[in-house]
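Visitor: Next up is a structure, given as structure tokens.
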Amino acid sequence: MTKKQIINRVTYWQNKLGLSNWRIKVTFQNFKRLADDDKYAAIAKTESNPTYLLADIYFKIEYLDVVDDPAIVHELLHLVLGDIVSYFVSNSKDLQEDPAWTNYFEEKTVATLERIITRINKL
Ligand SMILES: [Zn+2]
């Protein structure tokens, strides 16, 4: 996708997923891969503040051509899970001691929901 297409599709999916109250800034830049088990980490990453409904989605500039709707849905679903992930990390000594499990459960849940949503929408 082009930068303009990505911005348009983020807005489309933001509304479709019920996230229209969020302020989402889309940025195109280079960054290091976050985790080996996150398929989309090489393409994009999302940082969010669920309390204030603020988010930044970063798309890796060299991989814009492989960005698709499932990748965008995936990043936006991290916003949906932001509260619950923060809660569990804050209240679980086990997760604080082994953050890889947080990433595993969050990515698995996001990936599962992304498959369901894209299948329902026949993408
Ligand atoms: Zn992810």
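The values are calculated or read from the model by the stated rules, or taken from the named source; none is laboratory data. Note that the structure is a prediction, hence the values are computed from the model and not measured. A quick note on method: Cβ atoms are made from the backbone with ideal geometry, for glycine too, and the neighbour counts reach across all protein chains shown.
Visitor: So, in segment 87-116, exactly how many residues are assigned to a helix (DSSP H, G or I), under 24 Å from residue 51 (Cβ atoms) and of a type outside the set (Asp, Glu)?
Guide: Of the residues in that region, 16 qualify.
Visitor: Yes or no: segment 96-106 includes at least one residue that is within 15 Å of the ligand (Cβ to nearest atom) and among the charged types (D, E, K, R).
Guide: Within segment 96-106, one or more residues are within 15 Å of the ligand (Cβ to nearest atom) and among the charged types (D, E, K, R).
Visitor: Filter segment 107-123 down to the residues that are more than 14 Å from the ligand (Cβ to nearest atom) and of a type in the set (D, E, K, R) and list them by number.
Guide: Across segment 107-123, the qualifying residues are 119, 122.
Visitor: Is at least one residue of segment 50-70 within 16 Å of the ligand (Cβ to nearest atom), loosely packed, with under 14 Cβ neighbours inside 10 Å, of a type in the set (A, V, I, L, M, F, W, C) and over 13 Å from the mean Cα position of the chain (by Cα)?
Guide: Checked segment 50-70: at least one residue is within 16 Å of the ligand (Cβ to nearest atom), loosely packed, with under 14 Cβ neighbours inside 10 Å, of a type in the set (A, V, I, L, M, F, W, C) and over 13 Å from the mean Cα position of the chain (by Cα).
Visitor: For the structure I just gave you, tell me whether residue 84 is at pLDDT 95 or above, within 16 Å of the ligand (Cβ to nearest atom) and in a helix (DSSP H, G or I).
Guide: The answer is no for residue 84.
Visitor: What pairs come out if I take residues in segment 90-117 that are within 16 Å of residue 79 (Cα to Cα) and pair them with residues that are surrounded by 14 or more Cβ atoms within 10 Å (Cβ to Cβ) and among the charged types (D, E, K, R) whose C-beta lies under 6 Å away, six or more apart or interchain?
Guide: Once the first residue is within 16 Å of residue 79 (Cα to Cα) and sits in segment 90-117, its partners that are surrounded by 14 or more Cβ atoms within 10 Å (Cβ to Cβ) and among the charged types (D, E, K, R) give 107/38.
Visitor: If you check 15, 21, which single one turns out to be part of a loop (DSSP other than H, G, I, E, B), away from the ligand (no atom under 15 Å from the Cβ) and at pLDDT 95 or above?
Guide: So the residue among 15, 21 that is part of a loop (DSSP other than H, G, I, E, B), away from the ligand (no atom under 15 Å from the Cβ) and at pLDDT 95 or above is 21.
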